[in-house]
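The values are calculated or read from the model by the stated rules, or taken from the named source; none is laboratory data. Worth saying up front: this structure is predicted, and the values here are computed from it rather than measured. Neighbour counts are summed over all protein chains in view; Cβ atoms, including those assigned to glycine, are modelled from backbone coordinates with ideal geometry.
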Amino acid sequence: RAKEDGRNTYHFYDDSLDKANDDKFKLLQLLRLALTEQQFRLYYQPQIALGSGQITAVEALLRWPQADGSMISPDQFIPLAESSGLICELGSWVLRQACQHCALLRRQGFAELRVAVNLSVIQFKDGLLPGTVHAALQQAELPAEALELELTESLLADDTEHILLQLDTLSQLGVTIAIDDFGTGYSNLSYLRRFNASTLKIDRSFISTEEQWQANAPLVQAIIQMAVSLGLNTIAEGIESADAIRKLQALGCNEGQGFYWSPAVPIEQLPALFTALQLSAQASPATSNTNL
Ligand code: C2E
Ligand code: MG
Ligand code: MG
Ligand code: MG
């Protein structure tokens, strides 16, 4: 009651805030509808071993196609899905779909392919996540080793014990854990190990453009060195040039992902993309260090 009164009072003072809440409410209704009508799509972006040029995995990225052919980016709807709690249902769908797609691709001959799925911290709230992951793997008949879960460092700020317990359970299943956007958050290093992470994904804001690289090369170097000494795998995000590949490889980075190879594409396009990437890897392997 008091809340309602408060909101009514607000109305007189701040129309724009009310309007924003109204828009949010409408968007949330649309999100709910999109979920029940199965409007969401998963697109996949390859992750490439810098040494061999081989495709190791694909990252599942949510897409929301609109009637006019445009696409709403996850950055625009994930925050609302999180604050409304809808992310749990949406996230479960993502897990099931990504596991099924990965299993399908493995049956089609990409036998070693893995899939990376982004998780929101909200998905850890109810404690059901390990069960959801287990069920998704079983239904798809996908071995746990084929699944990597991407978490951001913001997770560390939250209800840590509750989350760490679930991460332990997930690790015991055989699922691997990657820290996404590494270097942009608090980078609570002492927790890195308790996280049971096996991979650090270096944030693309250090890497994509030449200016970003110039400003951040020492930081990237430090992250890779730290990852090596902790025995962690490194994936650089946002690789857009051959130059970036060479620099990252020289620093000892293991894998890369970015528009240089491909943006995220629908699953139907992956076999042809894999073939094209494999051919270009053979023609000019990333291992050719002639420029170093
Ligand atoms: P992220 O997990 O860090 O994903 C990488 C983002 O970088 C993707 O944006 C990808 O399209 C973009 N990207 C890839 N290569 C390049 C490049 O070379 N240059 C540049 N400039 N960008 C590149 P996208 O698909 O818009 O996703 C944005 C974020 O939304 C993701 O960041 C992730 O945090 C979140 N997200 C996406 N799908 C899901 C999901 O299923 N669940 C959750 N919880 N979050 C998701
Ligand atoms: Mg990610
Ligand atoms: Mg990222
Ligand atoms: Mg992100």
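Quick look at the values:
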| quantity | calculated |
| --- | --- |
| Of all residues making up region 189-206, the number that are touching an Asp or Glu at 6+ places or on another chain (Cβ under 7 Å) and either more than 17 Å from V228 (Cα to Cα) or within 11 Å of ligand 3 (Cβ to nearest atom) (or both) | 4 |
| Residues satisfying the stated conditions in region 110-128, i.e. more than 19 Å from the chain's Cα centre (by Cα) and among the β-branched types (V, I, T) | none |
| Criterion: surrounded by 15 or more Cβ atoms within 10 Å (Cβ to Cβ), more than 17 Å from C253 (Cα to Cα) and not hydroxyl-bearing (S, T, Y) - qualifying residue of L164, L200 | L164 |
| Of the criteria (1) crowded, with 20+ Cβ neighbours inside 10 Å; (2) within 15 Å of the chain's Cα centre (by Cα), which one P263 fails | (1) |
| Residues within region 180-219 that are within 12 Å of ligand 4 (Cβ to nearest atom) and polar (S, T, N, Q), tallied | 2 |
| One residue from I245, I239 being farther than 30 Å from G131 by Cβ, among the aliphatic types (A, V, I, L, M), modelled with pLDDT of 95 or more and part of a helix (DSSP H, G or I) | I245 |
| Number of the condition not met by E150 [criteria: (1) assigned to a helix (DSSP H, G or I); (2) within 30 Å of K247 (Cα to Cα); (3) at pLDDT 95 or above] | (1) |
| Test for L80: is it free of Cβ contacts under 8 Å to residues at least 60 places away in the same chain, more than 14 Å from ligand 2 (Cβ to nearest atom) and in contact with a Leu (Cβ under 8 Å, 6 or more places away or on another chain) | yes |
| Of residues in region 83-109 being modelled with pLDDT under 95 and either under 15 Å from the mean Cα position of the chain (by Cα) or assigned to a helix (DSSP H, G or I) (or both), the one surrounded by the fewest Cβ atoms within 10 Å (Cβ to Cβ) | S83 |
| Lone qualifier among G185, G174 - being at pLDDT 95 or above and within 20 Å of the chain's Cα centre (by Cα) | G174 |
| Region 50-76: number of residues that are closer than 26 Å to L137 by Cβ and either in contact with a helix residue (DSSP H, G or I) (Cβ under 9 Å, 6 or more places away or on another chain) or within 16 Å of ligand 3 (Cβ to nearest atom) (or both) | 11 |
| Neighbours by Cβ (under 9 Å, 6+ apart or cross-chain): first from region 201-214, free of Cβ contacts under 8 Å to residues at least 40 places away in the same chain and assigned to a loop (DSSP other than H, G, I, E, B); second within 13 Å of ligand 4 (Cβ to nearest atom) and of a type in the set (D, E) | D203/D180; D203/D181; D203/E237 |
| Odd one out for A98 among (1) touching a helix residue (DSSP H, G or I) at 6+ places or on another chain (Cβ under 7 Å); (2) over 29 Å from L189 (Cβ atoms); (3) within 16 Å of ligand 2 (Cβ to nearest atom); (4) among the hydrophobic types (A, V, I, L, M, F, W, C) | (1) |
